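Reading through the structure tokens given below for one structure.
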Amino acid sequence: SSGINAEYGGILLKPGADQDLKTLVVSIHGGPHVLNTTAFRPDHYLLSQLGYSVLMVNFTGSLGLGRESVAAISGQIGDVDVKDVHHAVEEISGDYDHVVLMGSSHGGFLAAHLIGQYPEFYSAASIRNPVVNLVTFAGVSDMPDWAYWTAGLPYDSYKPPVPTASELAVMMEKSPIRYVDKVTCPVLVIVGAKDLQVPPTSQGVTYYRYLKSRGVPCDMRVYPEDGHPLSGVPCRADHLMQTHRWFLTHLFMKKKEEEEEGKF
């Protein structure tokens, strides 16, 4: 337990001893009403074969932890879920040289929060179709009720509300975009151009522009024929290998810089 809410769960997948990169990939699920299981996942299997350990956290709001845990996330998004994931990582991070983040949708939301709230802790991040700004999300997504419910605000599907200034302030307070000035680690942003749930121009693309303008090492991959799941076979294979390339390149660069600094 993180001491924040009800107990959370986690699964750790380790590589073979002869392949170990001493790098922990924190793979954060979306939803948030989803859960990680021990079922086979090609992306996690491939990462383990490449030498990464993969940590999957079922944080507050995930399924499988009871109704109270599911309901607890309303009004506490960007807080208890972030703390659960970071607490789980801290429990085992001493075994690794690097900790990196990977997440899609709400998982991208949490990854963006983590690199903003704990900027010195994480070495790199790869975020897919991330929600970064609830204010703009609520106005353009095909599921605006998500922004209201997770923020703890009322919503009427039959008569969608016009958000008040105070409600917009609540949404912004819970959005990872507010921490963008604190981000320092390299960030790869991956989006599907046909995403209607998390329209990229208001979320991932905007986040990339903010990072780029602040001198943060970043790149963006746009898949023109894919939507929110990014599940097309060519797309899925490519964005996973781009993520591996991103981690390997920047972790190597960081190690090389540290070695160069040690010479003086």
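Laboratory data are not the source of any read-out in this text; all were calculated from the coordinates shown. Bear in mind that the values here come from a model prediction, so they are computed numbers and not experimental data. With ideal geometry, Cβ positions are generated from the backbone for all residues, glycine too; neighbour counts draw on all protein chains shown.
Determine the dipole magnitude for the stretch 153-258: charges of +1 sit on the beta-carbon of Lys and Arg, -1 on that of Asp and Glu, nothing else is charged, the reference point is the Cα centre, and the result goes in debye to the nearest 20.
Values: 14 positive and 11 negative charges, 67 e Å.
The dipole magnitude comes to about 320 debye.
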Assuming 0.36 nm per residue, please report the length gained on full extension of the stretch Thr164 to Gln19 beyond their Cα-Cα distance.
46.8 nm
For Cα extents along the principal axes in Å, calculated from these coordinates, the label among [x] 57, 53, 34; [y] 74, 53, 36; [z] 62, 40, 40:
[z]
Top of Val25, Val170, Val191 by mean-square fluctuation, Gaussian network on the chain, Cα under 10 Å:
Val170
Would you check the chain for Lys pairs whose C-alpha atoms are within less than 17 Å, ignoring same-chain pairs closer than 8 in sequence, and give me the count?
9
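Can you pull the Kirkwood radius for the stretch 72-171, inverse mean 1/r over Cα pairs, to one decimal in Å?
Numbers: mean 1/r = 0.0680 Å⁻¹.
About 14.7 Å for the stretch 72-171.
In debye, nearest 20: dipole of the stretch 1-160 around its Cα centre with unit charges on the Cβ of K, R (+) and D, E (-)? Don't skip to the answer; put the middle values down first.
Details: 7 positive and 16 negative charges, 65 e Å.
With Lys and Arg at +1 and Asp and Glu at -1, about 320 debye.
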If packing is taken as the mean number of other Cβ atoms within 10 Å per residue, what is the order of 176-182, 95-101, 38-44, highest first?
95-101, 176-182, 38-44
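Provide the packing ranking of 238-247, 207-216, i.e. peptides ordered by the mean count of other C-beta atoms within 10 Å per residue, highest first. Write down the numbers at each step before the final one.
Numbers: 238-247: 18.9, 207-216: 16.2.
By packing density, highest mean first, the sequence is 238-247, 207-216.
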Determine, from the Cβ-Cβ distance of Ser231 and Lys182 and an R0 of 45 Å, the FRET efficiency 1/(1 + (r/R0)^6), rounded to the nearest 0.05.
0.90
